[in-house]
Amino acid sequence: MTTNTLTTTGAPTANGERSSLMRLYLSRGILAVIWAVVFAGSHDSLDAVAITLLVVYPLIDAVSSLIDYRALPDGSERRVTAFNGVLSTLAAIAVGVAGAGSFATVLSVFGVWAVVSGAAQVVVGLRRRGPELGKQWPVLIAGGLSFLVGIFYNIQAAGDDPSLDVLSTYATGGGVFFIVQAILLGWKARQQRSRSV
């Protein structure tokens with residue numbers, strides 16, 4: 001998708017896409033880290049605060065996907081982004097419902113969402129690889145880890161002592177990878193500008 005867009009619309013569109021993604025990734029990463037810090041001190045029980053935070057986290061992903069979707073041209077990348085946005089919205093609803101149950105139920109729902117959304121993130125990252133948007137390694141690593149961690153969460157949920165402590169670590173890791181990707185996009189933008197001077 002990215003290569004075709006750049007071929008038909010030229011460098012200004014490429015620079016705009018990179019700048020838009022950089023702002024989106026940076027905002028998403030910072031919000032994830034803030035969420036992790038707040039959640040770390042608010043999940044001892046499944047009270048209203050904890051459940052609200054659990055619902056908010058996938059909604060951050062859903063809103064990010066919507067912003068990304070609106071900026072993309074028609075194609076497979078846009079469809080995967082739309083799928084991820086719908087998935088994250090459903091995950092927010094499911095986590096809210098699961099919050100009325102137990103830690104195990106919440107962790108299981110979160111784990112399923114992490115597996116599927118991580119796979120979708122890997123697909124989008126692979127499609128964005130190229131000379132303009134870079135190798136997308138931070139996004140690909142974050143998506144792959146999300147997939148694997150989601151499986152672990154479901155295993156842990158079926159165990160004797162499921163805990164939500166792991167979710168703060170999950171959000172922090174994902175946030176840091178998005179911030180790193182934003183920094184790399186900014187660095188690539190500066191490289192492109194220096195070459196054009």
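The values are calculated or read from the model by the stated rules, or taken from the named source; none is laboratory data. The structure presented is a predicted model; accordingly, all values stated were derived computationally and were not measured. Methodologically, a virtual Cβ is constructed for each residue, glycine included, from the backbone with ideal geometry; neighbour enumeration extends over all protein chains shown.
Only one of Val55, Val49, Val80, Val38 is free of Cβ contacts under 8 Å to residues at least 24 places away in the same chain and in contact with a helix residue (DSSP H, G or I) (Cβ under 8 Å, 6 or more places away or on another chain). Can you tell me which? Talk me through it step by step, then tell me what you get.
Details: Val55 fails: free of Cβ contacts under 8 Å to residues at least 24 places away in the same chain; Val49 fails: in contact with a helix residue (DSSP H, G or I) (Cβ under 8 Å, 6 or more places away or on another chain); Val80 fails: free of Cβ contacts under 8 Å to residues at least 24 places away in the same chain.
One residue alone meets the criteria, Val38.
Filtering the range 101-130 down to residues that are more than 25 Å from Glu77 (Cα to Cα) and at pLDDT 90 or above, which residue is surrounded by the most Cβ atoms within 10 Å (Cβ to Cβ)? Talk me through it step by step, then tell me what you get.
Applying the first criterion (more than 25 Å from Glu77 (Cα to Cα)) to the range 101-130 yields 101-109.
In the following step, the residues that additionally are at pLDDT 90 or above were identified as 102-109.
Details: Ser102: 13, Phe103: 20, Ala104: 19, Thr105: 18, Val106: 27, Leu107: 25, Ser108: 22, Val109: 25.
It comes out as Val106.
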Output yes when any residue across the range 103-113 is of a type in the set (Phe, Trp, Tyr), in contact with a Leu (Cβ under 9 Å, 6 or more places away or on another chain) and over 16 Å from Gly174 (Cβ atoms), and no when none is. yes
Would you point out the residue of the range 149-188, among those that are buried (at least 20 other Cβ atoms within 10 Å of the Cβ), within 18 Å of the chain's Cα centre (by Cα) and aliphatic (A, V, I, L, M), that is modelled with the lowest pLDDT? Leu185
Take the residues of the range 49-84 that are among the small types (Gly, Ala, Ser) and over 20 Å from Ala171 (Cα atoms): which is surrounded by the fewest Cβ atoms within 10 Å (Cβ to Cβ)? Ser76
